[in-house]
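All of the numbers you see were taken from the coordinates with simple rules; none came from a lab. In this text the structure is predicted, and so the values were computed from the model without any measurement. Positions of Cβ are generated from backbone atoms using ideal geometry, with glycine treated the same way; all protein chains shown enter the neighbour counts.
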Amino acid sequence: MSLWDRFRRGLTRTRDALVGAVGAALGRRALDPATVDTLEEALLAADVGPAAVDRLIADARQRLDRDPALDLRGALERAAVELLGAASAPFAPGPERPWVALIVGVNGAGKTTFAGKLAASYARAGKRTLLVAADTFRAAAAEQLDVWAGRAGAEIVRPGSGGADPAAVVHDGLAAARARGTEIVLVDTAGRLHTQHNLMAELEKVARVCARQVTGAPHHVLLVLDGTQGLNGLAQARAFLRAVPVKSLAVTKLDGTSRGGVVLSIAGELGLPVSLVGLGEGLDDWQPFDPEAYARGLFE
């Protein structure tokens, strides 16, 4: 299945809500007040925030004025790509050895699953990969990651039977990675609400331990957001940005929501790069983020 097909399938619910509301107007050039009102309502319902809605419509209007060959659908797609283009970035290991990625987010966002899927991808590519089970709070979190490690062909460092401080688990994991010549380390942290200040402080401690063990670590902090949460993800992202140097986002569960427009809000309001998206439950149901495929998946 092509990248475009994956995005189109994954964004079905969001696209159906948008296209169903705006209807035939997408195939025309008119952007009259009634069409603008309908379009605004549809975009807001898809959790495209007000600021991003205004930018999209203003940009689309300018494109329609400049290019007589464009219809509204094409103008909106190009406006969306423009908005997203500066906010896309790869999640790609650098030359550091080990290269350390810290995976963070709120409870239930899908961090452990994403860590396992990423580990599988790197292991298949012949990279020696280590998963660190630093979620010491959720029952069976380490066991879940252990299953993923087995499926991925990756190594794992997990807490002892008596439990451990998350920072201590990370310390041991990175020490093991250095001793074993590991290439890639993915640290799965506990889910925490952005309002839990003590747990956010603990996350800062984990990041400091990474830096003490490996120069420059964490080299990438990946914030995993649940796409079904819509604009609540903005508040989450702002709080995590205050605690750790988030480098990019993974947006999960886009296949199960009509609120997939939140990606446009994150790009427009935070300027935070989106690197990965989750489009299903399977091992390979995720993709590097592609602004053009995403924009087409929304409106076509």
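Between Ala168 and Lys127, the modelled labels are 3.0 nm apart [label points 7 Å from Cα along Cα→Cβ]. With 20 Å as the limit, the listed pairs Lys205/Lys253; Lys205/Lys247; Lys127/Lys247 have Lys205/Lys253; Lys127/Lys247 beyond it between alpha carbons. The charge dipole of the range 99-246, taken about the Cα centre with unit charges on the Cβ atoms of Lys, Arg (+1) and Asp, Glu (-1), comes to about 300 debye, rounded to the nearest 20. Projecting the Cα atoms of Gly126, Gly49, Gly108 onto the charge dipole of the range 33-175 (Cβ charges, centred on the Cα centre) puts Gly126 farthest toward the positive pole. Taking Cα atoms only, the orientation of helix 166-180 departs from the longest principal axis of the chain by about 80 degrees. Its DSSP H runs of at least 4 residues, each contributing -39,500 (n - 2.57), put the calculated 222 nm mean residue ellipticity of the chain at -16000 deg cm²/dmol, to the nearest 500. For the chain, taking the reciprocal of the average inverse distance between every pair of different Cα atoms yields a Kirkwood hydrodynamic radius of 19.9 Å. Just going by the charge dipole of the chain, with Lys and Arg at +1 and Asp and Glu at -1 on Cβ, which of Val262, Gln196, Pro291 is farthest out on the positive end? Final value for the positive-end residue is Gln196. Computed from Cα atoms, the angle from the helix 33-45 axis to the main principal axis of the chain rounds to 20 degrees.
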